[in-house]
Amino acid sequence: MTEPSTSPSARKVYLETYGCQMNIADSQTVRAVLRRAGYDATADPAEADVILLNTCAIREHAEERVIGRLSDLARLKQARPEVQLGLLGCMAQHNRAALIERAPWLDLIAGPDAYRRLPELLGRGGFEPTVDVRLDRGETYGDIAPEYEKSVRAYVTAMRGCDRFCSFCVVPYVRGRERSVPPADILREVRTLAAAGVREIVLLGQTVNAYRFDRTDFAALLRMVAAVEGVERIRFTSPHPCDMSERLIAAMAEEPRIQPYLHLPVQSGSNRVLAAMERGYTREQYLDLVERLRAAIPEIALSTDIIVGFHGEEEQDFAATLELMRTVAYDAAFTFKYSRREHTRAFRLGDSVSEAEKGRRLAEVIKLQEEMGLARNRALIGREFPVLIEGPARRGEAMLAGKTPQFKTAVFPGRAGATPGATVTVRVESASSHSLSGVIA
Ligand code: 5AD
Ligand code: SF4
């Protein structure tokens with residue numbers, strides 16, 4: 001039996017999450033594990049007995065932020081030495097020796113495959129930090145129902161880890177080998193969520209379309225999820241271009257609940273850089289995939305990830321990236337300066353592009369994307385889209401916000417019956433590079 005959540009004697013845990021959607025989903029699993037062990041959640045670190053940070057190691061900047069936050073939180077431990085301070089996730093896995101040196105007051109360091117053991121690890125105590133960074137290619141947490149926050153949309157983990165080893169990326173080292181959650185576990189979770197009022201399911205994985213469990217591939221999984229009663233919309237992130245099978249494109253084209261939106265990381269538009277990044281495709285293959293997607297799903301919106309200033313990226317390589325962006329005309333792009341990470345294959349290559357030059361290239365891709373995003377969104381003025389209402393818009397003034405099928409944010413004045421979870425038709429009246437404004441038609 002777990003203790004009731006209101007028990008005054010329950011130990012309180014404060015959990016802060018950094019990084020990607022996978023980490024947000026993992027934190028929900030951590031909450032569930034600790035809840036079962038009798039812990040209560042708190043939103044105030046000052047009243048917590050256990051303070052945990054679930055961290056990201058993808059770029060150096062992400063790590064520096066966490067180190068800064070850790071020293072803030074360590075002050076709470078000075079006031080109350082019995083407080084346990086723990087670091088979870090990818091940073092824990094990436095560089096634990098350096099971490100112990102920089103943050104010697106840490107009580108716990110636990111990698112992404114250690115969450116099932118957290119209650120036991122926290123129970124150990126002692127002067128030395130407890131470290132559990134064992135990677136386990138069998139761990140999917142498929143049997144643990146995550147503790148979801150109430151929302152119209154829920155992120156459900158379909159697979160964990162990555163076997164691609166792109167030369168710039170730490171993920172395969174910190175999250176370990178690819179493994180897929182059994183379809184029965186995913187479907188049970190989705191049914192529970194749908195029954196609780198969730199309208200949109202986003203299947204998650206580092207290379208989510210590499211999903212395979214026995215004979216179920218990702219296309220089959222999507223169709224199974226689409227058949228669950230009550231689920232209105234299905235999305236997934238992030239797919240790898242090399243795993244975009246014809247079967248998957250067909251499922252997206254044929255199954256109306258699978259939404260016409262794809263985040264398709266390209267990283268670079270230069271074949272030389274793509275080869276050095278070990279991405280597994282050429283610019284031509286990527287563009288061919290974009291064409292096939294648009295032929296099969298004419299209304300599809302596309303977003304991407306782009307890294308500028310990878311080691312060896314010359315001016316003409318960068319120009320090829322800008323050129324590819326113009327050719328594809330993405331709806332959105334997430335852009336990053338290359339950050340050289342220890343343990344990766346590209347680490348030994350070096351870091352040939354200066355910080356200032358990376359900054360210049362980044363500003364240029366951002367500017368181009370703003371222009372192209374704005375043009376694409378303006379072209380939608382006058383059109384109508386079904387919008388799944390999520391809640392009040394950040395803008396306030398009784399405005400509501402939700403997403404179109406293409407995952408564009410739409411903002412519009414509310415009216416009776418237009419409540420979160422309902423889908424309304426919105427006519428677009430104006431557009432910015434990141435969102436649409438309109439009225440309920
Ligand atoms: N430097 C900069 N960006 C990176 N990404 C992954 N590794 C690095 C790195 N070392 C970016 C990629 C990936 C996204 C999640 O983060 O674009 O798609
Ligand atoms: Fe990193 Fe490449 Fe795997 Fe994506 S596919 S997580 S970029 S190694």
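Our summary gives the chain a relative contact order of 10 percent, counting only alpha carbon pairs under 8 angstrom and 6 or more residues apart. Note: relative contact order over segment 1-155, using C-alpha pairs below 8 Å and six or more positions apart, is 23 percent. FRET efficiency for the PHE334 to ALA74 pair, using the beta carbon distance and R₀ = 30 Å, is estimated at 0.40. Comparing GLY421, GLY126, GLY197 in a Gaussian network model of the chain where C-alpha atoms under 10 Å apart are linked, the largest mean-square fluctuation is found at GLY126. For segment 183-237, the set of GluC sites (Glu not before Pro) satisfying both a DSSP loop assignment and a count of at most 12 other C-beta atoms within 10 Å is given as GLU229. Net length available on complete extension from GLN316 to ARG292 is 5.9 nm, with 0.36 nm assigned per residue and the Cα-Cα distance removed.
Answer rounded, prolate or oblate for the chain, using the Cα gyration tensor with square roots of eigenvalues a ≥ b ≥ c: rounded when a/c is under 1.5, else prolate when a/b is larger than b/c, else oblate. Oblate shape, in that a/c is at least 1.5 and b/c is the bigger or equal ratio. For ALA41, nonlocal amide neighbours, meaning residues 5 or more places apart or on other chains whose placed amide H falls under 5 Å from its own, are VAL13. Please label the shape of segment 201-267 as rounded, prolate or oblate, based on the square roots a ≥ b ≥ c of the eigenvalues of the alpha-carbon gyration tensor (a/c under 1.5 means rounded; beyond that, a/b larger than b/c means prolate, else oblate). It is prolate, given that a/c is not under 1.5 and a/b is the larger ratio. Within segment 128-178, the GluC sites (Glu not before Pro) that combine a DSSP coil assignment with at most 16 other C-beta atoms in a 10 angstrom radius are GLU147, GLU149.
May I ask you to derive the FRET efficiency for GLU299 and ALA416 from their Cβ-Cβ distance with R0 = 51 Å, giving the value to the nearest 0.05? With R0 = 51 Å, the Cβ-Cβ based efficiency is 0.95.
Let's test the formula: R0 of 30 Å, r as the Cβ-Cβ distance of GLU284 and ALA250. What FRET efficiency results, to the nearest 0.05? Calculated transfer efficiency: 0.85.
Helices in the chain, meaning DSSP H runs of at least 4 residues, each add -39500 (n - 2.57). Divided by all residues, the mean residue ellipticity at 222 nm is -10500 deg cm²/dmol. Pairs LYS337/LYS408; LYS367/LYS408; LYS12/LYS403; LYS77/LYS358; LYS367/LYS403; LYS150/LYS403: which exceed 29 Å Cα-Cα? Long pairs (Cα-Cα over 29 Å): LYS12/LYS403; LYS77/LYS358. Placing a label point 7 Å from the Cα of SER432 along the Cα-to-Cβ direction, the residues of segment 310-336 whose backbone N falls under 20 Å from that point are 330-335. Given a cut-off of under 8 Å on Cα pairs at least six residues apart, what relative contact order in percent is computed for segment 384-440? That works out to 36 percent.
Stretched out straight at 0.36 nm per residue, the stretch from ARG348 to ARG395 would grow longer than its current Cα-Cα span by 12.2 nm.
Among the trypsin sites (Lys or Arg not before Pro) found in segment 137-203, those both in a DSSP coil and sparsely packed, with 15 or fewer other Cβ atoms within 10 Å of their Cβ, are ARG137, LYS150, ARG177.
Read-outs: derived from the displayed coordinates by stated rules, not from any lab. This is a predicted model, so every value here is computed, not measured. When we count neighbours, we look across all protein chains shown, and the Cβ atoms used for this are built from the backbone with ideal geometry, even at glycine.
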